[in-house]
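The structure appears below as C-alpha cells.
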Amino acid sequence: MSTAAAPSTTESSPAPILEARAVAKTYHLKVGRFKREDVPVLHGVDLGVEPGQWVAILGASGSGKSTLLHLLAGLDRPDSKTEGGVFFESQAVTRFGSRSLDRYRARSVGLVFQFYHLLPELSVVENVLLGAMVRRGRFAYRRAQPEARARATELLESFGLAHRLRHRPSQLSGGERQRVAIARALINDPKVLLADEPTGNLDHDTGQAIIDALAAERERTGRTLVMVTHDPQLASRADRVVHLAEGRIVETSRTEADPS
Amino acid sequence: MYQALLTRRYLSSKIMPLLAAIAVMLCTAVVLLVWSIMGGFLVMLLDAGKAIVGDVAVSWPTAGFAHYEDLIDRLEEDENVAGATPVVETFGMLGLPDGRLQGVTVQGIDVQSYARVTEYERFLYWKPTDGPTPDDDGVGGDWRADEIGPWPELLADGLALGERDRVTGEFEPALVPGIEVAGFSRRDPESGFYRFGPVGMRTPEGDVRWESGFLPFLELTLNLVPVDRTGRPIEVVTRSYPVANEFRTEVFQIDSSTVFMPLAEAQRLLRLDAAELVRQEATDPFDEAFGQVEVLDESPARVTTVFVRGTGSMTPAELADRCHEIYMEFERERRGQVPPAGATRNEPGSGSIQITTWEQRQGMLIGAVQKEIALVLLILLVISFTASFLILAIFWAMVSEKTRDIGILRSIGATRAGVAWLWLRYGLAIGLIGSILGAALATLIVWNINPIHDWLGRTFAITVWDPKVYYFSRIPNDVEPVKAAIVVAGGLGFCLLGALIPAIRAAFLKPVEALRFE
Ligand SMILES: Nc1ncnc2c1ncn2[C@@H]1O[C@H](COP(=O)(O)OP(=O)(O)OP(=O)(O)O)[C@@H](O)[C@H]1O
Ligand SMILES: [Mg+2]
C-alpha cells in the first residue's frame with residue numbers, strides 16, 4: 001500500500017503498479033567547447049498506472065514522450081534534485097543501483113521501440129530468446145532453454161510468425177519486425193509493457209494490426225500496457241489517454257474500454 | 001550466454017573481424033617465424049661452436065707451452081674432465097689446385113684424443129650414410145649413400161688424418177679442410193647434400209682448366225710461418241699434403257676457413273717440436289773444436305692450446321675455474337718452464353695463460369648473434385604494439401558500429417559487465433583464431449623455409465640467407481612448441497589489450513544514448 005496517493009488517481013482506484021511522481025528531466029547539451037546549455041524537457045510529470053491498465057500517452061513530437069518512457073523503463077534517471085521519481089510496485093526505481101536497475105529492465109518491464117531495434121545478425125527466434133538469455137545466466141539459461149524456446153515459439157505463433165522463426169530481421173516487413181520486437185519484450189513475462197510509438201513507422205493498416213495484436217495479448221494476460229503515440233485514433237483504443245505538453249501531463253481522459 | 005551467440009554471429013557475418021584476425025595472424029606469424037629462425041640459428045651456432053672446440057680451452061697462443069702431456073694427465077685425473085687434447089693453432093695460406101691462396105686457421109690435432117674431446121667424427125663429411133640413394137645418373141639423393149664409392153676408405157683416412165699408402169699400408173700425413181674452404185664441393189640447394197663437381201686446375205701456362213674431380217683425391221699446398229722464441233717470423237715453410245677428407249660443422253665461418261692437420265706435422269713445421277738448443281763451438285773448419293756441438297738447453301715439444309671436455313657435471317665456466325686451479329698447481333711445480341698462471345683464469349693480454357670457455361672463444365660469433373636476436377625481438381615487440389593499436393582501432397570501429405546493439409542489450413537488462421565481456425570475448429575469439437592460424441602459418445613456413453628460400457632464389461634471384469653472412473649453409477627450420485605457445489599467448493594478450501578499451505567504453509555507454517545512436 002503506497003502511503004502517498006498520486007494526485008492523478010482518484011481515491012477509489014487501486015495502488016499504481018508503475019508511477020511517476022514529479023518527474024523532471026533536463027538534458028545538458030554541450031554547446032561549443034566550454035558552454036553548456038540546459039534543455040528542460042519534463043517539468044514534473046505525475047502519472048500513475050494501475051495494474052492491468054492500458055495507458056496511452058499522446059503528445060506532439062518533441063514533447064518528451066520517449067524521454068518519459070525511458071525514465072519509466074529505468075533506462076535513464078530523472079533529475080536528481082527532485083524529491084519524486086519513478087516507482088514500481090512502490091519501490092523507488094530511481095534509487096536503484098545499477099545492478100537492480102538491470103534486473104528491473106530484465107524482469108519487470110518490457111520495451112518496444114518505434115524502430116524495432118532487432119539485432120540484424122540474429123534470427124527471429126534468437127532475437128526473441130535474447131531477452132531470456134540476458135535475464136538468466138549462462139547455466140540457468142541452459143537449464144531453462146527448452147522452456148524458453150517453447151515460450152518464444154508460442155509467442156511468435158500467437159503473432160502469426162510461426163513460419164518465420166529462422167528468418168533474419170532484414171527478411172521481414174516492418175509490421176512483422178515490430179511483432180518480433182513485441183515478442184522479445186514479452187519473453188520474460190514482464191508485468192508492464194512499455195511501447196514507444198510501436199506503429200510510428202508503419203502504415204495505417206499494419207499499425208492497426210499491431211495494436212490488435214497488443215490488445216489481444218493484453219486480453220489474454222491482463223498485462224499493464226503503457227503506449228506512446230501521437231495518433232489520437234490509436235490512443236482511443238486504450239483505457240486511458242494522457243496528454244503530454246510543455247513537460248507536464250496536462251489532461252487525462254478516461255475512455256471506457258471500447259470493445260470493438 | 002548471449003555473448004557466445006553474438007560473438008559467433010558477429011564473427012561470421014562481418015568483414016571487420018576477418019580483417020582483424022588476419023592482422024593478428026600476420027603479426028603472430030612474423031614474430032614466431034623470426035624468433036624460430038633466429039633462435040634456431042643461435043642453437044645451431046652454439047651446438048656446432050661447442051662441438052668443435054670442447055668445453056674449455058687452455059691456451060698460450062703463437063709461442064705455445066711445453067709439458068702439455070703432463071698438464072693433460074693432470075686434467076684427465078680430475079673427475080669432472082672427460083678428456084683433454086693438445087692442439088697447435090696457427091694461421092696459414094692454403095694453396096688450391098687452381099692457384100688460389102686461401103687464408104685459413106690451421107689446427108694441428110692429435111686425432112685420437114681430439115675425437116674424444118670434440119665431435120670430430122660427426123663432422124667428417126665423406127663417410128658412408130644411409131640417406132636417400134641417388135638415381136643412376138647421380139641426380140638427387142645423397143651420394144654418400146651409394147654403396148659403390150670410396151666412403152669407408154675416406155672415413156678411415158679422416159679418422160687417421162692421413163692417407164693410406166696403397167703399397168705399404170701406412171698413413172702419410174694429410175689434411176682435412178672444411179668443406180667450404182676450396183669451394184669445389186657444392187651444396188645442392190634442394191637436398192642440402194654436397195656434390196663434387198668440376199675442379200679448377202692451374203696449367204703450367206697459368207690458365208685454369210676445369211675438369212671433373214674430387215678434393216679428397218687431390219693435393220693442397222700449405223704455407224706456414226714459424227716464429228722464433230721472440231715471436232719473430234723465421235721463413236715461410238711450404239709443403240704439399242694429400243686431402244684425407246673434408247669436414248662440415250655447418251657454421252659457415254668455421255667450414256670456410258679451418259684446416260685440420262696432424263699435430264706432429266704442425267709442430268715440426270712450426271718448430272714447436274722437441275729440440276735442443278745448441279752452440280757450435282767453432283765456425284772455422286780448421287779449428288780443432290769444429291764439429292763439436294754443445295747442448296745448451298733442451299726444448300720440449302709445445303702446443304698452443306689444450307681443449308678440455310667436461311663430463312657434464314659442471315657448467316663450462318665452472319669447468320674453466322677447475323682447469324685454472326689445476327693449471328696453477330701445474331705451474332707451481334714447473335715454475336719458469338710454463339707460462340704463468342694468472343690470478344684469475346682469463347685476462348687477455350695480461351701475460352698469463354688464458355683459460356676460456358667455448359662461449360668465450362666463440363664470443364664474437366655468439367655475441368653478434370645474441371645482439372641481433374635481441375634487436376630483432378625488440379623490433380618485433382614494437383610491431384606487436386603496433387598490431388595491438390591496429391586491433392584497438394578495429395575494435396573501436398566495431399563497437400561504434402554496434403553502439404545501437406549495446407543500447408538494445410542494455411534495454412533488455414544486460415549488465416555493464418555483460419556487455420564488456422561480450423567485447424572482450426569477441427577480442428579473445430579473434431585473437432585465438434588469428435594467433436593460432438598465425439602460428440600454424442609460421443610453422444608451415446619454417447618447416448619449409450629452405451625449399452622456399454631456394455625457390456625464391458631460383459625464381460626471383462632473391463637470397464636473404466647468405467651463408468657467408470649467417471655462418472650456416474642451411475636455414476634453421478625448427479619450431480619449438482614452447483615458443484609457439486608463448487607467441488599464441490602473446491597474440492591473445494595483445495588482442496585482449498586491444499579489446500579492453502572498447503569493451504570498457506561499451507560498458508559505460510549510456511543506454512539511452514546508445515539507442516539514439518544513428
Ligand atoms: N540526449 C539528449 N540531449 C539533448 N536533448 C535531448 C536528448 N534527448 C532528447 N532531447 C530533447 O528532448 C526533447 C524531447 O525528446 P523526445 O525524444 O522525448 O520527444 P518525443 O516526444 O519522443 O518526440 P517524437 O514524437 O518525435 O518521438 C526534444 O526536444 C529533444 O530535442
Ligand atoms: Mg519519441
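Within the set of pairs 6+ apart or on separate chains, which have a first residue in the range A:195-214 that is of a type in the set (Ser, Thr, Tyr), a second that is assigned to a loop (DSSP other than H, G, I, E, B), and C-beta atoms under 8 Å apart?
Qualifying pairs under 8 Å: A:Thr199/A:Asp231; A:Thr206/A:Ser173; A:Thr206/A:Thr199.
If only one of A:Leu234, A:Leu225 is away from chain B (no Cβ under 14 Å), open to solvent by less than 40 Å² (accessible area, probe 1.4 Å) and within 16 Å of ligand 2 (Cβ to nearest atom), which one is it?
Only one candidate qualifies: A:Leu234.
Quick one: in the range A:163-212, which of the residues that are touching a strand residue (DSSP E or B) at 6+ places or on another chain (Cβ under 9 Å), within 13 Å of another protein chain (Cβ to nearest Cβ) and among the hydrophobic types (A, V, I, L, M, F, W, C) is farthest from ligand 1 (Cβ to nearest atom)?
A:Ile187
Here's the yes/no breakdown for (1) of a type in the set (Ser, Thr, Tyr); (2) more than 26 Å from B:Thr62 (Cα to Cα); (3) modelled with pLDDT of 90 or more:
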| position | (1), (2), (3) |
| --- | --- |
| B:Leu94 | no, no, yes |
| B:Gln102 | no, no, yes |
| B:Ser113 | yes, no, yes |
| B:Val117 | no, no, no |
| B:Glu170 | no, yes, no |
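If a residue has to be more than 10 Å from chain B (Cβ to nearest Cβ) and crowded, with 23+ Cβ neighbours inside 10 Å to count, how many in the range A:117-154 make the cut? Lay out the reasoning, then the answer.
Keep residues of the range A:117-154 that are more than 10 Å from chain B (Cβ to nearest Cβ), which gives A:124-125, A:128, A:143-144, A:146-154.
Next cut, crowded, with 23+ Cβ neighbours inside 10 Å only: A:124, A:128, A:152.
Counting residues in the range A:117-154 that are more than 10 Å from chain B (Cβ to nearest Cβ) and crowded, with 23+ Cβ neighbours inside 10 Å gives 3.
So which of B:Ile475, B:Ile504 is modelled with pLDDT of 90 or more and either away from ligand 2 (no atom under 16 Å from the Cβ) or assigned to a helix (DSSP H, G or I) (or both)? Let's see the steps before the verdict.
On the way: B:Ile475 fails: modelled with pLDDT of 90 or more.
Criteria check complete, one pass: B:Ile504.
When both residues are 6+ apart or on different chains and their Cβ atoms are under 6 Å apart, which pairs have a first residue that lies in the range B:489-518 and is under 16 Å from B:Gly413 (Cβ atoms) and in contact (Cβ under 8 Å) with a residue 60 or more places away in the chain, and a second that is outside any helix (DSSP H, G or I) and within 16 Å of ligand 2 (Cβ to nearest atom)?
B:Pro511/A:Leu75; B:Val512/A:Leu75; B:Val512/A:Asp76
With the requirement that a residue be without any contact (Cβ under 8 Å) to a residue 12 or more places away in the chain, farther than 20 Å from B:Asn477 by Cβ and away from chain A (no Cβ under 14 Å), what does the range B:1-59 give you?
B:Leu18
Within the range B:291-330, can you find the residues that are among the aliphatic types (A, V, I, L, M) and open to solvent by 70 Å² or more (accessible area, probe 1.4 Å)?
Quick first cut of the range B:291-330, residues among the aliphatic types (A, V, I, L, M) only: B:293, B:295-296, B:301, B:303, B:306, B:308, B:314, B:317, B:319-320, B:326, B:328.
B:Val293, B:Val295, B:Leu296, listed by residue number.
With the requirement that a residue be of a type outside the set (Gly, Ala, Ser) and on the phi > 0 side of the Ramachandran plot, what does the range B:42-76 give you?
Within the range B:42-76, B:Thr62, B:His67 meet the criteria.
Just for the range A:72-117: of the residues that are of a type in the set (Lys, Arg) and under 13 Å from A:Pro190 (Cα atoms), which one is nearest to ligand 2 (Cβ to nearest atom)?
A:Arg105
Within the range A:50-61, is there a residue that is open to solvent by 80 Å² or more (accessible area, probe 1.4 Å) and either touching a strand residue (DSSP E or B) at 6+ places or on another chain (Cβ under 9 Å) or at pLDDT below 90 (or both)?
Yes, the range A:50-61 contains at least one residue that is open to solvent by 80 Å² or more (accessible area, probe 1.4 Å) and either touching a strand residue (DSSP E or B) at 6+ places or on another chain (Cβ under 9 Å) or at pLDDT below 90 (or both).
Considering only residues that are among the β-branched types (Val, Ile, Thr) and either more than 9 Å from every other protein chain (Cβ to nearest Cβ) or farther than 15 Å from A:Tyr104 by Cβ (or both), which ones fall in the range B:400-418?
We begin by selecting, within the range B:400-418, every residue among the β-branched types (Val, Ile, Thr); these are B:403, B:406, B:408, B:412, B:415.
B:Thr403, B:Ile406, B:Ile408, listed by residue number.
Listed here are the residues, each with its yes/no results for (1) within 16 Å of ligand 2 (Cβ to nearest atom); (2) under 19 Å from B:Ile412 (Cβ atoms).
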site	(1), (2)
A:Ala148	no, yes
A:Gly175	no, no
A:Asn188	no, yes
A:Asn201	yes, no
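Considering the range A:85-108 alone, what residues qualify as being surrounded by 20 or more Cβ atoms within 10 Å (Cβ to Cβ), in contact (Cβ under 8 Å) with a residue 40 or more places away in the chain and more than 9 Å from chain B (Cβ to nearest Cβ)?
A:Gly85, A:Val86, A:Phe87, A:Phe88, A:Ser108
Consider the range A:98-149. How many of its residues are under 20 Å from the mean Cα position of the chain (by Cα) and acidic (Asp, Glu)?
Count: 1.
Let's see how each residue does on (1) over 25 Å from B:Cys27 (Cβ atoms); (2) β-branched (Val, Ile, Thr); (3) surrounded by 14 or more Cβ atoms within 10 Å (Cβ to Cβ); (4) at pLDDT below 80:
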| residue | (1), (2), (3), (4) |
| --- | --- |
| B:Ala439 | no, no, yes, no |
| B:Ala442 | no, no, yes, no |
| B:Trp447 | no, no, yes, no |
| B:His453 | no, no, yes, no |
| B:Ala461 | yes, no, no, yes |
| B:Tyr471 | yes, no, yes, yes |
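Taking the range A:49-71 as the region of interest, how many residues are more than 9 Å from ligand 2 (Cβ to nearest atom), farther than 14 Å from A:Glu19 by Cα and within 14 Å of chain B (Cβ to nearest Cβ)?
So the count comes out to 0.
Given the structure, is B:Val512 modelled with pLDDT of 80 or more, part of a helix (DSSP H, G or I) and touching an Asp or Glu at 6+ places or on another chain (Cβ under 9 Å)?
yes
Name the residue that is surrounded by the fewest Cβ atoms within 10 Å (Cβ to Cβ), counting only residues in the range B:147-204 that are among the hydroxyl-bearing types (Ser, Thr, Tyr) and free of Cβ contacts under 8 Å to residues at least 24 places away in the same chain.
Going through the qualifying residues, I end up with B:Thr168.
Return a yes/no flag: does the range B:328-345 have any residue that is of a type outside the set (Asp, Glu) and within 29 Å of the chain's Cα centre (by Cα). Don't jump to the end; show me each part of the working.
Keep residues of the range B:328-345 that are of a type outside the set (Asp, Glu), which gives B:328, B:330, B:332, B:334-345.
Narrowing the set further to residues that are within 29 Å of the chain's Cα centre (by Cα) leaves B:344-345.
Looking through the range B:328-345, at least one residue is of a type outside the set (Asp, Glu) and within 29 Å of the chain's Cα centre (by Cα).
Which count do you get for residues in the range B:185-201 that are at pLDDT 85 or above and touching a Gly at 6+ places or on another chain (Cβ under 6 Å)?
The qualifying residues number 1.
The values are calculated or read from the model by the stated rules, or taken from the named source; none is laboratory data. Because the structure is a prediction, the values reported are computed rather than measured. We place every Cβ from the backbone using ideal geometry, glycine too, and count neighbours over all the protein chains shown. With ligands, DNA and RNA removed, areas are computed over all heavy atoms of the protein, side chains included. Shrake-Rupley method; radii C 1.70, N 1.55, O 1.52, S 1.80 Å.
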